[in-house]
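Asker: Just dropping this structure here.
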Amino acid sequence: MQAQSAAPDDDPRAPLISFSGIGKQFTVKGELLQAVENIDLDVYQGEILTLVGPSGCGKSTLLNICAGLYPATAGDVSYAGKPVEPYNPAVGYMTQSDHLLPWRDVAGNIAIPLEIKGLSKPEIKAQVEELMETVGLSGFGGSYPNQLSGGMRKRCALARLLAYDPETLLMDEPFAALDAMLRMRMQIEIRELCRRLNKTVMFVTHDLDEAVAIGDRCVVFTGRPGTIERVVDVPLAPDRNILHLRKDPDYRTITADLWDVLAPSITEDR
Amino acid sequence: METPSRTYIWVLRAAFLVSVLSFWEFSSGRLASEFFISSPSAIAVQFSRWVMSGTIFYHGAITLIEALGGFLLGGMIGMIFGVWLGRAELVAEVLDPFIMMFYSLPKVALAPLFVLWFGIGIDMKIYLAATIVFFLVFLNTYTGVRAVSREQVAILRLMGATEKHLLFKVVLPSAITWVFTGLRLSVPYALIGAIVGELIASNRGLGYLLANSAGQFDTTGVFAALIGIMIMAFFLNAAVKLLEAKAMPWRDLNSKREMSI
């Protein structure tokens, strides 16, 4: 299915990330599985693009291809005009499981990208201090991941992500395991932070409300193989107040609309 | 559940030891011949005589050198090979059946061969202990390197990590738990290697003391030598445990944390 790009056609900006005709097959237990098919999608600098759809519809596959973790079987993906090669250094990845290194404390985990960059010890220390402040982890530098709560682990992973300051953040259901309250708080913070730092974000979620609340644009996927069903502009202010969205009529209309798109896939597949 | 206090547990342990020793002392000469089971008091006398004369320290030092030498040599080579094969998939695939074949061989069966090759000096025992230790450490290190989370590696690669960064920041630290398991398992085995080597051919060491006492039908001496070996094994194990806690502070916290399911 062809995606209807919601970005205006006369947009002067060239897309930062561009997927064209992307398809990906996996071999699972000897059987060929088409994860995504015919994906055309442009992502623009500075926007928060959310990808929503049922699980297993290939949203994460797109992120992995964009990060260069594996190549697409069909089509091209380019980043800033160049084809993506293995391990795209311009993107940072944050997943549902935070993949913190259990043998390093919070400060040590955040310091990893800085160590890789080859900064000096005092520089690292200062930056780590600042990052912990940014994500609200001040004073927890000496704690090990297994001593932290789920939300704090997320903050730590986020700080690590920000430490190497990638241009684009790929987030794959980062808050899926958090409780509703904490999740909303993280949503608020992440949106505020990404706007402030002018990051481009691709945010995968299976939660429609989250997709609308966070996104500037929202891509709706459907089923296996994953295809883009619709791309919509989220008609909410950039400095929206996520806490009060529930009462926002625009928010309610758009989630209801998108829900109609998604709902059939619930009964379809299984 | 109320955990019993430490003192209480120690009191119970002491009581257990005392009752076992008393029973032994009592049975000796009454339920079984003293010739075969000796008696705790006789063993204590023999042991203190060896301590006074320094015999136990002399022979203990020899065994310790052999066990430690074998432990270090085998552990070092085991770690190096484990990391190398863990990273080099093709080589590992090719060598796998041979390694497993050699692994299933009881290493002490090599002792006679080692006597031929290296003579009956200390070095032969070191090599024997090292061969045993090598496999334990190698296999554990190998497994550990293989068990490294691919996601963690991918995430670091996205940060621009080089092969060297990966090795020192992810692979080795993540494998260290396994390495230490291998090292800790090897300590008693290093001792086994050293002692078996001494039993087969030697004129020094705790194994010699043991074999020599047995040769003279001196059960008391045999038990006293066994106690010497036990004490040495205990201290070696304690040392590894201490090192382990130092090298992996995050593990300690893990076991102290409140449980939740």
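The values are calculated or read from the model by the stated rules, or taken from the named source; none is laboratory data. Since we're looking at a predicted model, the values are computed, not measured. For neighbour counting, all protein chains shown are included, and Cβ atoms are generated from backbone atoms with ideal geometry for every residue, glycine included. The protein model used for the area step is the full one, side chains on, heavy atoms only, and it has no ligands, DNA or RNA in it. Shrake-Rupley method; radii C 1.70, N 1.55, O 1.52, S 1.80 Å.
Asker: Between A:A74 and B:L90, what's the calculated FRET efficiency when r is the beta-carbon distance and R0 is 25 Å? Round to 0.05. Spell out each step's value before the answer.
Answerer: Working: r = 30 Å, r/R0 = 1.20.
Once the sixth-power term is evaluated, E becomes 0.25.
Asker: Normalised radius of gyration for the protein assembly as shown, please: alpha carbon Rg relative to 2.2 N^0.38 Å, two decimal places. Display every interim value, and only then the final one.
Answerer: Values: Rg = 32.2 Å, N = 531, 2.2 N^0.38 = 23.9 Å.
Cα Rg divided by the expected 2.2 N^0.38 Å: 1.35.
Asker: Follow-up question, since we're still on this one. Let me know the charge dipole size of chain A about its Cα centre in debye, to the nearest 20, where only the beta-carbon of Lys, Arg (+1) and Asp, Glu (-1) is charged.
Answerer: Working: 27 positive and 37 negative charges, 162 e Å.
Computed about the Cα centre, the dipole is about 780 debye.
Asker: Go through segment B:2-66 and name the trypsin sites (Lys or Arg not before Pro) that are in a DSSP coil and have 16 or fewer other Cβ atoms within 10 Å of their Cβ. Don't skip to the answer; put the middle values down first.
Answerer: Values: sites: B:R6, B:R13, B:R30, B:R49; in loops: B:R30.
Answer by residue number: B:R30.
Asker: Using only protein heavy atoms and a 1.4 Å probe, report how much of B:R87 is accessible, in Å² to the nearest 10.
Answerer: Answer for B:R87: close to 100 Å² accessible.
Asker: Continuing with this model, one more query. Within segment B:208-229, name every residue whose backbone N is under 16 Å away from a label modeled 7 Å from Cα of B:I120 along the Cβ vector.
Answerer: Label zone hits: B:208-216.
Asker: Here is a follow-up. Rounded to the nearest 100 Å², what is the buried accessible area between A and B, both sides summed, probe 1.4 Å?
Answerer: Numbers: alone 13320 and 16000 Å², together 27270 Å².
Chains A and B together bury approximately 2000 Å².
Asker: Another one. Using Cα positions and a limit of under 29 Å, work out the lysines in reach of A:K199, with same-chain residues fewer than 8 apart set aside.
Answerer: Within reach: A:K24, A:K59, A:K82, A:K117, A:K121, A:K125, A:K154, A:K247, B:K169.
Asker: Report the Cα-based extents of segment A:28-128 along its three principal axes, largest first, to the nearest Å.
Answerer: 49, 34, 24
Asker: A further question follows. Out of every Cα pair in chain A, what percent are spaced more than 31 Å from each other?
Answerer: 27 percent
Asker: Can you send over the carbon and sulfur percentage of the accessible area for the protein assembly as shown, probe radius 1.4 Å, protein chains only? Intermediate results must be reported in sequence, preceding the final value.
Answerer: Working: 16940 of 27270 Å².
C and S atoms contribute 62 percent here.
Asker: List the residues of segment A:125-150 for which accessible area in the full set of protein chains is at least 10 Å² lower than for the chain on its own; 1.4 Å probe, protein heavy atoms only.
Answerer: A:Y144, A:N146, A:Q147
Asker: A further question follows. Please quote Rg/Rh for chain B to two decimal places, taking the Kirkwood radius as Rh and restricting both calculations to Cα atoms. Before the final figure, lay out each step's value.
Answerer: Numbers: Rg = 22.9 Å, Rh = 21.3 Å.
The Rg/Rh ratio comes out at 1.07.
Asker: Would you please state which residues of segment B:148-172 a label at A:L193 would reach in this model, taking the label point 7 Å out along Cα→Cβ and a backbone N cut-off of under 20 Å?
Answerer: Answer for segment B:148-172: B:152, B:155-160.
Asker: Apply 1/(1 + (r/R0)^6) to the Cβ-Cβ distance of B:Y58 and B:F16, taking R0 = 41 Å, and write down the FRET efficiency to the nearest 0.05.
Answerer: Details: r = 33 Å, r/R0 = 0.80.
About 0.80, to the nearest 0.05.
Asker: Same structure, new question: Helix by helix through chain A, keep the DSSP H runs that span 27 Å or more along the axis on Cα and average at least -0.5 on Kyte-Doolittle, and give those back in order. Mind dumping the intermediate values first?
Answerer: Values: long enough: A:249-269 (31 Å, -0.28).
Going by DSSP H runs, the hits are A:249-269.
Asker: Additional query: If one computes the Cα centroid of segment A:92-140 and of segment A:141-181, what distance in Å separates the two points?
Answerer: Answer, in whole Å: 10.
Asker: Only Cα pairs under 8 Å and at least 6 apart count here; give the relative contact order of chain A as a rounded whole percent.
Answerer: Values: 507 pairs, mean separation 71.1, N = 270.
Once normalised by length, the contact order is 26 percent.
Asker: Working out 0.36 nm times the residue gap between B:V45 and B:R146, then minus their Cα-Cα distance, what length gain in nm do you get to one decimal?
Answerer: Values: separation 101, 0.36 × 101 = 36.36 nm, distance 5.20 nm.
Stretched out fully, the B:V45 to B:R146 stretch lengthens by 31.2 nm.
Asker: Based on the Cβ-Cβ distance of B:Y8 and A:D233, what FRET efficiency does E = 1/(1 + (r/R0)^6) give at R0 = 60 Å, to the nearest 0.05?
Answerer: The computed FRET efficiency comes out at 0.30.
Asker: Here is a follow-up. Roughly how far apart, in whole Å, are the Cα centres of segment B:137-215 and segment B:229-250?
Answerer: One Cα centre to the other: 14 Å.
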